[in-house]
Amino acid sequence: MLIVVALGGNALLRRGEPMTAENQRANIKRAASVLAELIGEGHSVVVTHGNGPQVGLLALQAAANPGDGAFPLDVLGAESAGMIGYVIEQELGNLLKRRLFATLLTQVTVDPHDPAFVHPTKPIGPVYDEATAHRLANERGWQIAPDGDKWRRVVPSPKPLVILEASVISFLVERGVIVICTGGGGVPVIARDDGSFCGVEAVIDKDLASSLLARELKADMLLMLTDVDAVYADYGTAAARALRSVSPKELSGRTFPAGSMGPKVSAAIEFIEATGKSAAIGKLDNALEIVRGQRGTWFEASALFPQKPWATGTTPRT
């Protein structure tokens, strides 16, 4: 199977963990071992990844020297994609020495009139307690929102429209290259009237961009790996329960947090409704079991598409 594997930014740098290069590399090394298992099972993978914690840290560092001129979020997004992609490629290469890899900066077009520019929802940077978050928001002109039991800065997250390097990625995949791309959802750009492109101040959701990429590559599966084991109904309440196998119809009327699980669910639904194939969400460490249908949340289009892509013949737990 060709699987687009989307690694969550919080799976690569855990919540509340100091944002050091050492911690990031340790977590990426763990992720690389999981990816190597999938590849060892005979699957082809295209790796995408989040950058929320990292791009927020870079923004903080840039703001610490205002006299030098702070770089905009699109440039910081490209910087973080290169940084994370480099470490993923290196750690995967250390495990799979005879394979070819390519880390590709990816531009993704967005609509300059997307309502996300007026209503920011994408969390970036470190987590804060509520009082600290409100103080920083007042001092720096940030918009903030809850993230679990903490608070984070939020920025615009427009819908991805076109992946400009999709044909290049497809060319590499067809030749057996393991591609690491669409980092942080890709670098957000808009098309000018003359056909040229320029970056915009935003961060694209990695899962929505990964869903778009999976559709453009005609992938067999979209796999979104994060730091929770499944999608939960009534998350954060005493009635919380893991959803194991669901269809878009069954999710009708349910809402999920806009800055975290909501885009993942939307990405899964977009992929399966466009392709009739399956998507899954779950914990990074459970990746192989998720692909086998034994863990995580599986999204199925409908009974019209009964074929299961996993090799073992097992079915998702209900």
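As a summary of the residue check, A279 satisfies the conditions (1) at pLDDT below 80; (2) surrounded by 15 or more Cβ atoms within 10 Å (Cβ to Cβ) except for the one numbered (1). Taken over segment 140-156, residues that are without any contact (Cβ under 8 Å) to a residue 60 or more places away in the chain and either surrounded by fewer than 18 Cβ atoms within 10 Å (Cβ to Cβ) or part of a loop (DSSP other than H, G, I, E, B) (or both) amount to 6. Against the list (1) within 18 Å of G9 (Cβ to Cβ); (2) at pLDDT below 95; (3) in contact with a Gly (Cβ under 8 Å, 6 or more places away or on another chain), the condition G262 fails is (3).
Within segment 36-48, is even one residue open to solvent by 10 Å² or more (accessible area, probe 1.4 Å), in contact with a Cys (Cβ under 7 Å, 6 or more places away or on another chain) and at negative phi?
Within segment 36-48, the subset open to solvent by 10 Å² or more (accessible area, probe 1.4 Å) is 36-37, 39-44.
Those still in the list that are in contact with a Cys (Cβ under 7 Å, 6 or more places away or on another chain) too: none.
There is no residue in segment 36-48 that is open to solvent by 10 Å² or more (accessible area, probe 1.4 Å), in contact with a Cys (Cβ under 7 Å, 6 or more places away or on another chain) and at negative phi.
Yes or no: segment 150-157 includes at least one residue that is closer than 28 Å to I3 by Cβ and polar (S, T, N, Q). Spell out the reasoning first.
Of all residues in segment 150-157, those closer than 28 Å to I3 by Cβ come to 157.
Filter once more, keeping what is polar (S, T, N, Q): 157.
Within segment 150-157 (the criterion being closer than 28 Å to I3 by Cβ and polar (S, T, N, Q)), the answer is yes, since at least one residue qualifies.
Summed over segment 134-187, the residues that are among the acidic types (D, E) and under 27 Å from L222 (Cα atoms) give a count of 3.
Restricted to segment 81-137, and to residues that are within 27 Å of A214 (Cβ to Cβ) and basic (K, R), which residue is surrounded by the fewest Cβ atoms within 10 Å (Cβ to Cβ)? Write out each step before concluding.
As a first pass, look at segment 81-137 and keep what is within 27 Å of A214 (Cβ to Cβ): 81-96, 98-117, 119-124.
With basic (K, R) added as a condition, the list becomes 98-99, 122.
Values: R98: 5, R99: 13, K122: 28.
Taking the candidates together, the pick is R98.
Can you tell me which residues in segment 180-223 are open to solvent by less than 10 Å² (accessible area, probe 1.4 Å), farther than 12 Å from V5 by Cβ and touching a Phe, Trp or Tyr at 6+ places or on another chain (Cβ under 9 Å)? Across segment 180-223, the qualifying residues are V189, A202, S211. Of the candidates K206, K249, the single residue that is closer than 30 Å to R135 by Cα and of a type in the set (K, R) is K206. Please work out if K249 is under 20 Å from the mean Cα position of the chain (by Cα) and either open to solvent by 20 Å² or more (accessible area, probe 1.4 Å) or farther than 21 Å from H43 by Cβ (or both). Judged against the criteria, K249 is not a match. The set of residues in segment 294-315 being at pLDDT 90 or above and open to solvent by less than 20 Å² (accessible area, probe 1.4 Å) consists of G296, T297, W298, F299.
Identify all residues within segment 20-29 that are over 11 Å from L95 (Cα atoms), open to solvent by 20 Å² or more (accessible area, probe 1.4 Å) and assigned to a helix (DSSP H, G or I); write none if there are none.
Going through segment 20-29, the residues over 11 Å from L95 (Cα atoms) turn out to be 20-28.
Retained after the next criterion (residues that are open to solvent by 20 Å² or more (accessible area, probe 1.4 Å)): 20-23, 25-26.
Of everything in segment 20-29, those that are over 11 Å from L95 (Cα atoms), open to solvent by 20 Å² or more (accessible area, probe 1.4 Å) and assigned to a helix (DSSP H, G or I) turn out to be A21, E22, N23, R25, A26.
Please enumerate the residues belonging to segment 234-251 that are in contact (Cβ under 8 Å) with a residue 40 or more places away in the chain and of a type in the set (K, R). The answer is R244, K249.
The residue that is surrounded by the most Cβ atoms within 10 Å (Cβ to Cβ), among those in segment 252-276 that are of a type in the set (A, V, I, L, M, F, W, C) and under 11 Å from F299 (Cβ atoms), is F271. A count restricted to segment 16-35 and to residues that are under 18 Å from I124 (Cα atoms), in contact (Cβ under 8 Å) with a residue 24 or more places away in the chain and of a type outside the set (S, T, N, Q) stands at 2.
The values are calculated or read from the model by the stated rules, or taken from the named source; none is laboratory data. Bear in mind the structure is a predicted one, so any value in this text is a computation, not a measurement. Please note: Cβ atoms are built from the backbone with ideal geometry, for glycine as well, and neighbour counts cover all protein chains shown. For accessibility, only protein heavy atoms count, side chains too; no ligands or nucleic acids. Shrake-Rupley method; radii C 1.70, N 1.55, O 1.52, S 1.80 Å.
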